[in-house]
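The values are calculated or read from the model by the stated rules, or taken from the named source; none is laboratory data. From a predicted model like this one, the values you see are computed outputs, not experimental measurements. When we count neighbours, we look across all protein chains shown, and the Cβ atoms used for this are built from the backbone with ideal geometry, even at glycine.
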Amino acid sequence: MRTHSRLAIVQLSWILLAVAAGACPEAGFGQGSTHGEDERQLLALENAWNQAELHNDPAALKLLLTDDFIITEPDGELMTKGQLMATTADSSYHYDVLVSEGYRVRVYGTVAVVTGTYHEKGSAKGKHFDRRGRFTDTWLKFGVGWQCAASHDSLAVKE
């Protein structure tokens, strides 16, 4: 029940934010953040996420993600927090390279959106992969800490 209540609050918050941004553009919604400390924390958390996956450490992911976290993979597959933690724990999924860069951080009070690019190279169940793409992560601030509620990954368009 608590998860449904939190989800309803998050959805309502997004709706209110969208309405406020459309109704009051002069309020500064959508403008660059001046929240330097929040931005530094978010970048550190993004890097910690990469390290957790790189080192097959699902316990670290547990701290970074909300209980109702959802990720959309490049093929359209949806994964929950539990599914992502299980994949991260699976030692047949091995990264040689996992880096993110080109970060853009937007902070809107207790909600933040981080976008960037990623490069991941390694093997999954014996099959080699080398992918580059883009991501969007939506973070929520609870007290003094941030947790990611949603993520979306897409592969880069090949020219």
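Observations
- For the condition hydrophobic (A, V, I, L, M, F, W, C), at pLDDT 95 or above and under 19 Å from Thr136 (Cα atoms), Ala44 qualifies.
- Scan of region 74-89 for residues that are charged (D, E, K, R) and at pLDDT below 95, ordered by number: Asp75
- Taking region 143-159 as the range and being modelled with pLDDT under 95 and assigned to a strand (DSSP E or B) as the test, the residues that pass are Gly145, Leu155.
- Val97 being within 14 Å of Gln147 (Cα to Cα) and touching a residue at least 24 places away in the same chain (Cβ under 8 Å): no
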